[in-house]
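Note sheet for the following structure.
The values are calculated or read from the model by the stated rules, or taken from the named source; none is laboratory data. If you're wondering where the values come from, they're calculated on a predicted model, not measured in any experiment. Virtual Cβ from ideal backbone geometry, glycine too; neighbours counted across all protein chains shown. Accessible surface areas use protein heavy atoms only, side chains included; no ligands, DNA or RNA. Shrake-Rupley method; radii C 1.70, N 1.55, O 1.52, S 1.80 Å.
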Amino acid sequence: MSERLPLSAFVICLNEAETIEACVRSLDQCAEIVIVDSGSTDATPEVVARLTEEGFPIRFMHQDWLGFARQKQFALEQATQPWLLSIDADERLDEDLRTALPDLVAAPDDVVGWRLPRRPWLIGYGYTPRGVGDSANLRLFRKGKAVFDIRKTVHEGLIPDGAVRVARRGALLHYRPLTVGEVVVKEERYATLKAGMRAAGKKRFTPWRMLLNPPVYFLRVLYGRKLYRAGWAGVIFAMQAAIYSFLTEAKTWEDEAMKRHPSADHDPDAVPRVQEP
């Protein structure tokens, strides 16, 4: 085990037996690892138990599913160390981030958190090169200085109380080798959640978002996040992001349209029948 840092990592999981071991092993610098399971039926509990026996400082507990943001907030509230790390079961720290971690948690008092980049694993390519991938999000922060926005049902984010900086060294590695078909199913589910969140917030459909958001999102991911460096795998990744953007706008329109015109099967050309007296 590496020398422990005043850091709690917290993970939510459900049926993550294939990925959680790599996640936990990358967290051996943490003084505490909180794992909140929402009812795994695979070997996740057995994998976690084995890692606990090896000496990893794991606290494994069950919590029925509360939704993404509320589940993560619950996990956050179980952590006890001065610094907290939000990490998914299919993520792990790369070696550069592990090396940088002691300096990050020794930040000046005015820094309450760090945004960490993420490098996804692409089918036919592997992990994206350093500096290529998802945008940096707040993941590492001081206890009591950030909470999850529980109003969000998807793409939950942390709300910081103070200054946040971007870590310039290292990244999270995201291993989720989904096929194109699996990604479309996942993005459709996320788009449904986001459209519902928009409706709850009274955000209406606008035509320009339907027309402009998907191609802009594609270009932003491909060039802004430098996914072009991953070749066709990067192009497909960027296009999948655009599909999610399109599905979100389409579902927002669809929900409003179905309220205006409830679905009912009828023949518009049918001639009304005349009843005999």
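With the requirement that a residue be under 25 Å from residue 41 (Cα atoms) and assigned to a strand (DSSP E or B), what does segment 82-99 give you? Break it down stepwise before answering.
To start, the set of residues in segment 82-99 that are under 25 Å from residue 41 (Cα atoms) comprises 86-92.
If the condition is that a residue be under 25 Å from residue 41 (Cα atoms) and assigned to a strand (DSSP E or B), then 86, 91, 92 are the ones that fit.
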Inset, instruction - Enumerate the pairs (first residue in segment 206-230 and in contact (Cβ under 8 Å) with a residue 40 or more places away in the chain; second residue anywhere and of a type in the set (Asp, Glu) and surrounded by 15 or more Cβ atoms within 10 Å (Cβ to Cβ)) with beta-carbon separation below 8 Å, excluding pairs fewer than 6 apart on the same chain, so at least 6 apart or on different chains. - result: 209/249; 210/249; 225/134
Legend entry - Residue count, segment 19-46 (criterion: in contact (Cβ under 8 Å) with a residue 60 or more places away in the chain and polar (S, T, N, Q)): 3
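Hey, among 96, 134, 90, 103, which residue is of a type in the set (D, E, K, R) and open to solvent by 70 Å² or more (accessible area, probe 1.4 Å)? Before the answer, list the steps.
Numbers: 96 fails: open to solvent by 70 Å² or more (accessible area, probe 1.4 Å); 134 fails: open to solvent by 70 Å² or more (accessible area, probe 1.4 Å); 90 fails: open to solvent by 70 Å² or more (accessible area, probe 1.4 Å).
Exactly one of 96, 134, 90, 103 is of a type in the set (D, E, K, R) and open to solvent by 70 Å² or more (accessible area, probe 1.4 Å), namely 103.
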Legend entry - First in segment 176-193 and under 20 Å from residue 89 (Cβ atoms), second anywhere and open to solvent by 60 Å² or more (accessible area, probe 1.4 Å) and of a type in the set (S, T, N, Q), Cβ under 9 Å, 6 or more apart: 193/153
Inset, instruction - Working only within segment 170-200, note down all residues that are part of a loop (DSSP other than H, G, I, E, B) and out of contact with any strand residue (DSSP E or B) (no Cβ under 8 Å at 6 or more places or on another chain). - result: 178, 179
Legend entry - Counted residues, segment 107-159 - those being under 23 Å from residue 76 (Cα atoms) and aromatic (Phe, Trp, Tyr): 3
Inset, instruction - Report, by residue number, each residue of segment 119-131 that is surrounded by 19 or more Cβ atoms within 10 Å (Cβ to Cβ) and either in contact with a His (Cβ under 8 Å, 6 or more places away or on another chain) or at pLDDT below 95 (or both). - result: 119, 120
Inset, instruction - List the number of the failed condition for residue 243; all other conditions in (1) closer than 22 Å to residue 180 by Cα; (2) β-branched (Val, Ile, Thr); (3) surrounded by 21 or more Cβ atoms within 10 Å (Cβ to Cβ); (4) touching a residue at least 40 places away in the same chain (Cβ under 8 Å) hold. - result: (3)
